[in-house]
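Single-structure report; data block below.
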């Protein structure tokens, strides 16, 4: 079976400060430069910053939206998918990924991490999460190396 483009879900806070937004931007750019499609919740905060980074890196972005209109998507989402299911869309964000990168966040981000683990998706931890089974990265460069190893494994 031929694997299509690898999807990486970048998950994080819907409201973030400058430091977290810079982290999300750099992660999004790294995902795009690795040749992957970025998936996220499609709204503001870390989601928008990651999409902006992916676009700066020449990548494609998909936003899995909680509401019923594509207009809710941040301006850097290429493909907006309204679900009408609110926070339940977190399951889709996690399940649609081949790999997940977790940034700082709160309960919504934690739920996505847990769903990713349930579905056997590797989770690269850049958010300081203290959950079992995550692959801890020290910084974006380290996460990039981990991502490259995981991509190689998926393509084997």
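Quick note: the coordinates plus some simple rules give every number you see, no bench work behind them. What you see is a predicted model, and the numbers here were worked out from it, not measured in a lab. Using ideal geometry, Cβ is built from the backbone for each residue, glycine included, and neighbour counts are taken over all protein chains shown.
Brief remarks on what is shown
- Within segment 105-125, the residues that satisfy the criterion of being touching a helix residue (DSSP H, G or I) at 6+ places or on another chain (Cβ under 7 Å) and closer than 16 Å to residue 142 by Cβ are 122, 123, 124.
- Search result, residues across segment 118-139 that are surrounded by 15 or more Cβ atoms within 10 Å (Cβ to Cβ) and at positive phi: none
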